[in-house]
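Undergrad: Here it is: the structure, laid out below.
The values are calculated or read from the model by the stated rules, or taken from the named source; none is laboratory data. Quick caveat, the model's predicted, so the values are computed rather than measured. All Cβ positions, even for glycine, are placed from backbone atoms using ideal geometry, and neighbour counts span all protein chains on display. Accessible surface areas use protein heavy atoms only, side chains included; no ligands, DNA or RNA. Shrake-Rupley method; radii C 1.70, N 1.55, O 1.52, S 1.80 Å.
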Amino acid sequence: MATSTDNVELVGDETVKNVARAALFAALMGAFAYVSFPNPISPAPVTLQVLGVFLAGIMLGPVWGGAAMVLYLAAGAAGVPVFAGGGAGFGSLLADPTLGYLWSYPVAAALVGVVVHRGVSLRDYRAASTPLLVGAMVAGTVVIYALGVAGLMAVLGIGVGEAFAVGAAAFLPTDALKIAAAVGIVRSDAIAAA
């Protein structure tokens, strides 16, 4: 007795597309980590990774945006040099001054996605108002700063004030530019046509 498997669909097309998108954004995060320069005020460098977190949450939504960041962290933990400055390994997630930022990325992407999509169901992110987009990214930035500051305090043994100064305040100007860039990308005619 032969069994036909020609018409068996093990995974839906939408799931395959979302996994591919998550992998693409995880790779984009790794590339954004290489766009890095030292911040003279902070032990953590300035990278484009926060822009990647914003775009993942906005474009993929809370579930798949968060999943993309988890995939990014898993790749780095497995030894793929995708962390800032080409860093890699599980030790980066446990002992580097940037550990709090890294752990914040899935949470921040999910939060940005929940705000933009007004829940866990995907909506057309291009229909979101600019104030909603900016508010979502500001909320994501708060999460990134909170965990980043906590990580700096734990790894470097510094107090809250100093950790806030070097872990959050030092990044405000560049992160404001990343928010503006993300709004520009979302509002871009090239993206809207896709």
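Undergrad: Suppose the filter is of a type outside the set (A, V, I, L, M, F, W, C), surrounded by 16 or more Cβ atoms within 10 Å (Cβ to Cβ) and over 17 Å from Ala109 (Cα atoms); does Gly151 pass it?
TA: The answer is yes for Gly151.
Undergrad: While we're looking at this one, here's another question. Which residue is most open to solvent (accessible area, probe 1.4 Å), if the candidates are limited to segment 67-112 and must be in contact (Cβ under 8 Å) with a residue 60 or more places away in the chain and not hydroxyl-bearing (Ser, Thr, Tyr)?
TA: That would be Ala95.
Undergrad: Here's another thing I want to ask about it. Determine if segment 87-100 includes at least one residue that is touching a Gly at 6+ places or on another chain (Cβ under 8 Å), modelled with pLDDT of 95 or more, assigned to a helix (DSSP H, G or I) and not small (Gly, Ala, Ser).
TA: No, that holds for no residue.
Undergrad: Another question about this same structure. Among the numbered conditions (1) open to solvent by 70 Å² or more (accessible area, probe 1.4 Å); (2) over 16 Å from the mean Cα position of the chain (by Cα), tell me where Val142 comes up short.
TA: Of everything listed in (1) open to solvent by 70 Å² or more (accessible area, probe 1.4 Å); (2) over 16 Å from the mean Cα position of the chain (by Cα), Val142 misses just condition (2).
Undergrad: Answer yes or no as to whether Phe164 is modelled with pLDDT of 95 or more, surrounded by 14 or more Cβ atoms within 10 Å (Cβ to Cβ) and within 29 Å of Ala74 (Cβ to Cβ).
TA: No.
Undergrad: Next up: Could you say whether any residue in segment 42-62 is in a loop (DSSP other than H, G, I, E, B), more than 19 Å from Tyr145 (Cβ to Cβ) and of a type outside the set (A, V, I, L, M)?
TA: No - not one qualifying residue is present in segment 42-62.
Undergrad: May I ask you to list the residues in segment 115-134 that are under 14 Å from Pro62 (Cα atoms) and open to solvent by 60 Å² or more (accessible area, probe 1.4 Å)?
TA: Answer for segment 115-134, where residues must be under 14 Å from Pro62 (Cα atoms) and open to solvent by 60 Å² or more (accessible area, probe 1.4 Å): Arg118, Val120, Ser121, Leu122, Arg123, Asp124.
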